[in-house]
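Accompanying notes for the structure given below.
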Amino acid sequence: MNIQPVVRDAATAAFFDGAARGVFLLRRSAESGEIVTPSAEQDSVGNTDLDWMEASGRGRVVSWAFVPQRVAGSDSPVELTIGVVELDEGPWWWTQLVGVDRDAVAEGLRVRAVFPKSGPAETDEYVPVFAPVADESAGPD
Amino acid sequence: MTELGKVYGRSSSRFAAEAARLAVADAGLLLSDVDGLLVSAGVANDVGLGLQVELGLRDLAVLTQMQAFGSTAGAMVQYASMAVEAGMAEVVVCVFGDAPLAEGSGAGNAYSDGHRTPAGWAGIQRSTGAVTPNVLYSLAARRHMLRYGTTSEQFGAIAVAQRDWAVLNPLAQMRTPITLADHQNSRIISDPFHLFDCCLVSNGGVAVVVTTAERARDLKQPPVHVLGWAQSHPGTRLRRNDDFGLVTGAARSGPAAMAMAGVTTDDIDIVEIYDCYTYTALVTLEDYGFCGKGEGGEFVSTPGNLGPEGKLKMNTGGGQLSSYYMWGMTPLSEAVLQARGQAGARQQDRNELILVSGNGGILDHHSTLIVGS
C-alpha cells in the first residue's frame, strides 16, 4: 500500500468522519431515493436534498491497472494496483486495491472498503481503499 | 507551426504568438487582416487573452480563450467557422501553445500534476493513486480488453504502424522504426500500457487560420474546406458509466460530423485520429464505424489494414505516439498538410476527404471535423 496524506475541507468533513469510524458514506436524495457518489451535490435530475447514508462498503471490481512506482531512497520498485470499484449501492469509486494477488484480480472480484490512515499527522485523514472479501457470508468485518 | 518537441527556453505564450504569426504569413495575410482570435493552452493553462496585445491585434470582433482539453483544436475550428459564416468575423486565428517539457526533467513529470495532495474530494483519489491520465486511460483500456478480448499486442500494432508513418515525417520526434517486440519490451507505464502505448510530450505551438471560402481562394495556400463537424461531451468523469472504456463520445460526434458533411466512413480518404494512447485510437475507430464495436483489436492487428501500405490511411504523420503532441492540433495539422498536398514522402494521392478527431479529459470531451481539399 502507498497512500499520500490527505486532509479534509468543509465539503468532505462528514465523509472523513465516516471513514474514521470505518464506514463508507454515500448520499441519497429524500425525494427520489437515488443514491449518488459522496461528492455529488444533486441527484441525476437536480434534487439537492441529499442526506448522508451508510453504505455497505462492499462492491465489485470493474477495472484495474498495475502501476509501478519508484520509492524514494529505495532501489526496489513497488507496484500499486489501482482500480475502479462498483459499490453495491450503484456508484463507482476510483481507488487503490490492496492485499490483492496480481493473478487473482478479476472483473467482478468482491471487495470491501478498509480505511488506512493517510499520513502520520493528526490532520491526515483515513481514506477508503478496497481489499478482497475473504468470505462473503461472514458479514461485515 | 513552430519548432516542435524538445525545444526549451520559450514560454507557451511565446510559442503561441510565433505559431499565429507563422500561420498568418503562410496564408499570405497580414496580422492587420486578423479580426478574430481563439487561443488555447495546455495543462498549465498559460496562454490567455493577452496574446492579442502580444500580437498587436487591434479591434478584434471575436476573442476568447477555449479549453476542452484534447478536443479544443477541433472545437476552435468549429466556432471559428460559425463566426465566419455568421459574418461576425472574416479572418479567425485558432492557436495552441504549450511548453510542458522542462530541460533536464522527464516527460513523465509534465503530466503528473505534482506531488502535493489537495484537500477534500480531489485529494482522496489523489491520495490512493488514481491520478494521472496514464492510470485513468489504462483503466479504460483494461475494460475494453476484458469485454472484447483486446490484447496488448493489438494495441502494439497501432504503435508500430504509426512509427512507420513517422519515419516518413521530418517533423516527427521519433523516426526509428519499431517492432511489436519493441512495444512489448518497452517498460510498463501503467499495465496494460507500455511506454510505446503512450503519446509523446512536446513543446511548441500550432495555429490555423479560418476564413470564408471566397477569401481563401485568393490566398497563398490551397484552401482546406471545413465540411462537417460535431462534438460530444458524455459528462461521466469519475462517475459511474457503464460504457467506460467501451464506447466514447466519438460514437455520437463522428456520425454527426459525417452526416453534416453528407459522407460515410467509406468516403473518407484519410483519418487523423487523436491517439494520446494506442487504445484511444482503437476505440475511436470503432466508435466512428471504421470497424465493428469490439472488433478494433482484430482490425488494427490484421496485416494490410494500418501503416503506409495499409488500406486505412490513419495518422499519416505518426500521430501523437510518434510525431509530436500538440493536443488536437496534432491530427489537425497533419490533416491540413495532407489536404494541401504538402505532406512530402507521406503524401496521399487520395486526399479529398479527411476526418480529424479530438479527445480530451479521460474520454470526457470529443470533437470531430471533416475537412476536404
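Read-outs throughout are calculated quantities, based only on the coordinates presented, and are distinct from any laboratory measurement. A quick note: this is a predicted structure, and the numbers were derived from the prediction, not measured. For neighbour counting, all protein chains shown are included, and Cβ atoms are generated from backbone atoms with ideal geometry for every residue, glycine included.
Structure notes:
- The range B:287-337: trypsin sites (Lys or Arg not before Pro) falling in loop per DSSP and having at most 10 other Cβ within 10 Å: B:Lys311
- 0 to 90° range, to nearest 10: angle between helix B:329-340 axis and chain B longest Cα axis: 60 degrees
- Taking other C-beta atoms within 10 Å as the exposure proxy, B:Met82, B:Met314 rank B:Met82, B:Met314 from fewest upward.
- Counting only GluC sites (Glu not before Pro) that DSSP places in a loop and that have at most 15 other Cβ atoms within 10 Å, the longest clean stretch of chain A runs over A:42-106.
- Share of pairwise Cα separations in chain B, more than 39 Å, in percent: 11 percent
- Residues of the range A:8-40 with an amide N closer than 15 Å to a point placed 7 Å from the Cα of A:Asp51 along the Cα-to-Cβ direction: A:26-36.
- Taking label points 7 Å from Cα along the Cα-to-Cβ direction, B:Leu49 and B:Thr236 give a separation of 3.6 nm.
- Size descriptor, Kirkwood hydrodynamic radius, that averages inverse alpha-carbon separations across the protein assembly as shown, Å: 24.0 Å
- Computed log10 I(q)/I(0) for the range A:52-108 at 0.15, 0.18, 0.20, 0.21 Å⁻¹: -0.52, -0.67, -0.76, -0.81, from the Debye equation with unit scatterers placed on every C-alpha and solvent omitted.
- Look at B:Ser11, B:Ser152 and count the other Cβ atoms within 10 Å of each Cβ; fewest to most, that gives B:Ser11, B:Ser152.
- Near the amide H of B:Leu63, within less than 5 Å, lie the amide hydrogens of B:Leu37, all on another chain or at least 5 residues away, with H placed in the peptide plane.
- With Cα atoms, 0 to 90° folded angle of helix B:278-288 axis to chain B main axis: 70 degrees
- Dipole of chain A, positive direction: furthest Cα of A:Trp93, A:Ala30, A:Leu80, with charges on the beta-carbon: A:Leu80
- Neighbour-count ranking [beta-carbon atoms within 10 angstrom, fewest first] of B:Val7, A:Val62: B:Val7, A:Val62
- Inter-chain Cβ neighbour count for A:79-85, averaged per residue, equals 5 (cutoff 10 Å, partner chain atoms only).
- Test item: Cα-centred dipole of the protein assembly as shown, Lys/Arg +1 and Asp/Glu -1 on Cβ, debye: 760 debye
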